1. Of Met536, Leu689, Leu703, which is farthest towards the positive pole of the chain's charge dipole, taken about the Cα centre with +1 and -1 on the beta-carbons of Lys, Arg and Asp, Glu respectively?
2. Using 0.36 nm times the number of residues separating Asp346 and Gln499, minus their current alpha carbon distance, what extension gain do you get?
3. Antiparallel versus total DSSP beta bridges in the chain: what percent is that, nearest 5?
4. Could you tell me what percent of the accessible area of the chain is made up of carbon and sulfur, with a 1.4 Å probe and every protein chain present?
5. Keeping every protein chain present and rolling a 1.4 Å probe, give me the accessible area per residue for the stretch 315-392 in Å².
6. In terms of modelled amide H atoms, which long-range or inter-chain residues lie less than 5 Å from the amide H of Tyr638?
7. Take the eigenvalues of the Cα gyration tensor for the stretch 40-95, scale each by 5, and report the square roots as semi-axes in whole Å, largest first.
8. When the helices in the chain are scored as -39500 (n - 2.57) per DSSP H run of 4 or longer and the sum is shared across all residues, what 222 nm value do you end up with, to the nearest 500 deg cm²/dmol?
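The values are calculated or read from the model by the stated rules, or taken from the named source; none is laboratory data. Small disclaimer: the values here were computed from a predicted structure and weren't measured. Glycine gets a Cβ as well: all are built from the backbone with ideal geometry, and neighbour counts include every protein chain shown. Keep in mind that these areas ignore ligands, DNA and RNA; they rest on the heavy atoms of the full protein, side chains included. Shrake-Rupley method; radii C 1.70, N 1.55, O 1.52, S 1.80 Å.
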Amino acid sequence: MPGSRNCRHPLLTALILPVLASLPVANASVLAAADKEHFLQDLLSRMSLAEKAGQLQTDYVGSEANSRQSVKAVTTGQIGVMVANPYTPRARLREMQDAAVQSRLKIPLLFAADVVHGYRTIFPIGLGLASSWDMQAVAVSARVAAVEASADGRDMTFAPMLDITRDPRWGRISESPGEDSYLASRIASVTVQALQGPILGAGDSIMACIKHFAAYGAVEGGRDYNTVDMSPLKLYEDYLPPYRAAIEAGAGAVMVALTVLNGTPSAANKEMLRNTLRRDWNFQGLVISDHGAISGLMTHGTASDARAAARIALDAGTQVDLGDSLFGDQLPTLVEQGLVPMGTLDAAVRQVLSTKYDLGLFANPYRRLGLARDAPHAEKRLHRAQARDVARRSLVLLKNRNQLLPLKKQGTIALIGPLADNRIDILGSWPASGRPGQAVSLRDGLKAALGGKARLLYAEGANIADDLQVFQLLADNQVAFDPRKPAAMLAEANAIARQADVIVLALGEARGMSHESASKTDLNLPLQQRQLLQAMKQTGKPLVLVLMNGRPLTLGVEGDMADAILETWFSGTEGGNAIADVLFGDYNPSGKLPVTFPRNVGQIPLYYNHFSTGRPFDPEQPTPYKSFYFDTDNTPLYPFGFGLSYTRFELSHPTLTSQHLVPGQTLRASVQVTNTGPRSGETVVQLYLRDVSAAVSRPLKALKGFHKLMLAPGESRTVTFDIDQSMLAFYDQSQRLVTEPGWFEVMLGQDSENLLKTRFELLPARD
Ligand code: BGC
C-alpha cells in the first residue's frame with residue numbers, strides 16, 4: 001500500500017503499519033486462476049435463467065418487514081447483491097447470508113454500502129481530503145474506512161467518487177476530489193489501493209466501486225442529474241483520467257452515472273462501457289448501474305419500455321441493476337425470446353460470480369460478517385486519532401490579517417454561529433454509520449483545547465437557513481432549527497460577543513445543502529448568517545470566520561469583514577478537535593484548495609487550467625474587445641492550490657538540468673524552498689506545465705506534480721520533479737495521446753497563480 005512507504009508522519013506510520021501487518025494471508029485457492037475458472041464455469045453451467053438474472057439484481061436491506069421479503073427473494077436466488085445502507089445491524093446481514101447459503105446453489109450475497117468518507121469514524125468530505133494534498137492522509141482515511149466497514153459485513157463500497165467538477169452549484173462537488181484531473185488521479189489510485197488492501201479476499205479489505213462513470217460532475221448549470229455534453233478533448237483530457245487511474249490501481253467495480261453523456265445515457269453508453277472502459281483500459285471488473293439508471297433510460301427517452309431498458313443496458317455493458325428490478329424481471333424472458341443472447345447474460349453473471357470469488361466469499365460467505373465483537377457504536381471501534389490527524393491536514397487557511405491566528409489560550413473567546421455547536425453537519429453528506437453523538441463539535445473542541453485557560457462563551461446567533469422550507473426538498477434534511485426570532489438570536493450573540501476579546505464565528509451550510517440533489521444558484525451565505533457576520537464585525541472585535549460547507553462559497557463583502565478565514569469543509573467525527581488544533585496553533589495549517597473559489601456565481605465555470613482565448617484579458621492593462629466580464633473583478637476569490645500557513649515559505653532558483661528534453665530521456669526541474677517564517681510548517685510545492693504551441697489548444701497551465709514537505713524555521717530544501725515526455729502528452733482531435741516537439745513552460749509555486757517560470761524545448765524524435 002502506498003501509504004506505508006516513506007511515511008513522513010510518525011502518527012500515520014504507527015497507525016497504518018499495524019493495519020497492514022494484521023492482514024490475513026491469502027487463501028491459496030483465492031489466487032489460483034485455473035481453479036477459479038473451473039469453479040465459475042461449473043457454477044454457471046448449473047444455473048437456471050432465473051438464477052442468472054437474480055445474480056444481476058440488487059436489493060436494499062430495508063426495515064424488518066421488508067427484510068422478510070428480501071430474505072425470501074434471496075432464498076430463491078433472486079438477489080445477488082445486497083445494499084446495506086445506512087447502518088443495518090450485522091445480525092440482519094447474517095440472516096440474509098444464511099438465506100443465500102441455503103439457496104439451491106448456495107451462492108453468497110455480496111454486501112455493498114456507501115462508505116464515502118469513513119464508515120463509523122467519519123473523515124473529511126471529498127473536498128476536504130483533497131485539500132490535504134497529502135496522499136498518506138488520504139490512504140489512512142480509506143484504510144480505516146475499509147477496516148471498519150468490513151468488520152460490519154460490507155464487501156464493497158460505492159466509492160471513491162471521482163467526478164471532476166468545476167461547478168460549485170452542484171451539491172455533489174462536496175464528495176468530489178475537485179477540479180483538477182492530476183490531483184484527482186493521485187487520490188483515485190491511493191484510495192483504491194487503501195480500500196482494497198494488498199489482497200482483496202482479506203477480511204478487512206473492501207472492493208472499490210468507483211463512480212460515476214462518466215463525467216457526472218459536468219452536469220449543465222450544476223443542476224443535479226442534468227445533461228452532460230462536452231467535447232471528446234475535454235472528456236479525455238480532464239474528466240476521464242481519475243477513473244482511469246483508479247482502474248489502473250485495480251478498482252474492482254465501476255458505477256455508471258445517472259446522466260446523459262453526449263446524447264447517450266451512461267447506463268446505455270456502449271462506446272464508454274465497452275470501448276473505453278473494457279477495450280482501451282482493459283477493465284476486467286464489474287459494472288453497476290447507479291440507483292435507477294436502467295429505468296432512467298425510459299425517462300431519458302432512449303428506451304420505450306422496461307424490456308427495452310433492460311436489454312439496452314445489458315447490451316451496453318451495465319451488468320448489475322441497482323435500484324430497479326428490471327434485470328431480474330425482464331432478462332429471463334428476453335433471453336427465452338432470443339432478444340438477449342445467452343452469452344451476454346452469461347458474461348455479466350460470470351463477472352458477478354468472479355467478483356464474489358475474488359472477495360473470498362465462496363471460500364467463506366461470512367468472511368466480513370463475523371469480525372467485530374464489540375457493540376456497533378462502541379467507542380473503542382472508532383479511530384479518533386487518525387480522524388483528527390487527517391482532518392487537521394484538510395483545513396485551509398484562506399486569510400489571516402495581522403496574524404490574528406493562531407489564537408492565544410487566554411482571555412475571553414466568543415464562539416458564535418449555527419455551526420459552532422453542531423455535531424450533525426460537521427459529519428458532512430453520506431455520513432455512513434457515523435453518529436452525531438460521537439462527533440466533536442467546534443464548541444467541544446475549543447473547550448477541550450482551552451482546558452479552562454480561557455473563558456469560552458457561546459451563542460447560536462442565527463439559523464443555518466433563513467427558512468426551514470429550504471429543507472423540504474433536500475434529500476438529507478436532518479437539521480437543527482431554532483424557533484426563536486432572528487432578532488432575538490442576534491441580540492443574544494451581540495451581548496455575548498461584546499464581552500469577548502475575540503470572536504470565532506462558525507458559518508456555512510447544513511450538510512444536506514451540499515449533497516446529492518442539492519443544487520443551488522446562489523453561493524452566498526444565507527441572509528441570516530450574513531447579518532450575523534455584519535453584526536459581529538460591528539462589535540469591532542477581532543473576527544475569525546470558520547467555514548463549514550461542502551462547496552466553494554462566494555464570500556463577498558462578508559469575506560472582507562473577517563480578519564481570518566479558515567475553510568474547514570465538513571471535517572468529520574474529530575472535526576472540532578482538528579479545528580481547535582489549528583485555531584490555537586497546535587497544528588500549523590497546510591491545506592491547499594482543490595477547487596477555485598469564484599467571486600460570484602456568474603463567473604462559473606471558473607477553473608485554473610483553462611485555455612487561452614484568442615483575446616485574453618490582462619487585468620493590469622484592461623482594454624475593450626477582450627474576453628472578460630465588465631461588471632466584476634475577473635480573478636478568482638481564491639485560486640486553485642491556495643492556502644496559507646502560520647509561517648512563510650519562499651521559492652527561489654527554479655532550474656532545469658537542461659534546456660532541451662530528448663525524447664525517451666528525463667530532465668529535472670528543481671526549486672529551492674525556504675521557511676522564512678517563525679515556525680515549522682508544511683507547504684505544497686506545485687509543478688505546472690504549459691505546452692506553448694500545439695496542434696490543439698492547450699491549457700495555460702496544468703498541474704503535473706506536487707510535493708508536500710515540512711520545514712523548520714530557516715530551513716531550506718531543494719524540491720525536484722522529473723519531467724519526461726509522458727507528462728507532455730495530450731489528446732489530439734482523434735483522441736490519440738500524442739506529444740509534439742516544441743517549447744514548454746515550467747511553472748513552480750505554492751498555488752496556481754504565483755509561479756516562478758522557466759522553459760525547455762522538447763526535441764523531435766530521432767528515427
Ligand atoms: C447515488 C450514488 C450512490 C447510490 C447508492 C445514488 O443515488 O448517485 O452515488 O452510490 O445512490 O446509494
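1. Final value for the positive-end residue is Met536.
2. Working: separation 153, 0.36 × 153 = 55.08 nm, distance 7.22 nm.
Result for the pair: 47.9 nm of gain on full extension.
3. Rounded to the nearest five, the antiparallel share is 55 percent.
4. After summing per-atom areas, the C and S share lands at 51 percent.
5. Details: 2880 Å² over 78 residues.
That works out to 37 Å² per residue.
6. Counting only residues 5 or more places away or on other chains, the set is Phe597.
7. Details: eigenvalues 116, 24, 17 Å².
Those come to 24, 11, 9 Å.
8. Values: 20 runs with 209 residues, N = 767.
So the calculated ellipticity at 222 nm is -8000 deg cm²/dmol.
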